[in-house]
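The values are calculated or read from the model by the stated rules, or taken from the named source; none is laboratory data. Keep in mind that what you see is a predicted model, and the values were worked out from it rather than measured. When we count neighbours, we look across all protein chains shown, and the Cβ atoms used for this are built from the backbone with ideal geometry, even at glycine. What goes into the accessible areas is simple: the full protein's heavy atoms, side chains included, and nothing from ligands, DNA or RNA. Shrake-Rupley method; radii C 1.70, N 1.55, O 1.52, S 1.80 Å.
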Amino acid sequence: MVATCLHLAGFVCSFVGWIGVVVATATNDWVVTCGYTITTCRKMDELGSKGLWADCVMATGLYHCKPLVDILILPGYVQACRALMIAASVLGLPAIFLLITVLPCIRMGHEPGAAKYRRSQLGGILIILLAMCGVVATIWFPVCAHRETTIMSFGYSLYTGWIGSALCLFGGCVIVCCSGDAQTFGENRFYYASGSSSPTHAKSAHV
């Protein structure tokens, strides 16, 4: 029962974390930048927002974005972070599918517990790989962006990526390490007596 609860907790954390990684990948508010000194930018009320797909300018009543479409002139770290975040988003699809198929409420015929255990472990490993891609990208991007321009603060996209990656890492580790063993995986049996203490009257139920 404990292993089942841990597996469910790991799945929920992994699913929520994957959604966070996808949101971080699709949005552009990774870092808030300033082309001048911080004091000048505050006086001018003009800040920049830098992400994987566009550079934006934020001012009073103005929000304009310039898409980063020319791959040949993009910095290497932007291309690498794009690839990592896309890989993380794509890895989440088979991982979540595998984890859904091994949930206690899902039955696929008379499948043995060992087969579900292998799928669970594979899904957990994919979630951990997803998390590592997200962690590397969300740390690498602001470090390299700071070398190009002055960073005022981190954007919500970066925070979303950090939280999503952390949840995926936690959920994947729980699934891989705390889901029991291959022989008893997915089995949750209880026994009750039916009007008699004799073993012949004991019945088993699968939950």
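Annotations for the structure displayed:
- Residues whose placed amide H lies under 5 Å from that of residue 51, excluding near-sequence neighbours: 30, 56
- Computed from backbone phi with θ = phi - 60° and the Karplus coefficients 6.51, -1.76 and 1.60, the 3J(HN,Hα) list for region 19-24 is 4, x, 5, 5, 4, 4 Hz; x is used for glycine and proline.
- Here the simple spin-label model places points 7 Å from the Cα toward Cβ, and for residue 87 and residue 70 these points are separated by 2.8 nm.
- Taking a point 7 Å out from the Cα of residue 122 in the direction of its Cβ, the residues of region 76-105 whose backbone N falls within less than 13 Å of it are 94-102.
- Solvent accessible area, Å² - residue 70, 1.4 Å probe, full protein context: 70
- For residue 152, distant residues with modelled amide H under 5 Å away: 32, 33, 34
- Added length on full extension, which subtracts the Cα-Cα distance from 0.36 nm per residue, residue 79 to residue 46: 9.2 nm
- Close amide H partners of residue 68, meaning residues 5 or more places away or on another chain with modelled amide H under 5 Å apart, are 54, 55.
- Cβ-derived FRET efficiency at R0 41 Å, residue 148 paired with residue 9, nearest 0.05: 0.50
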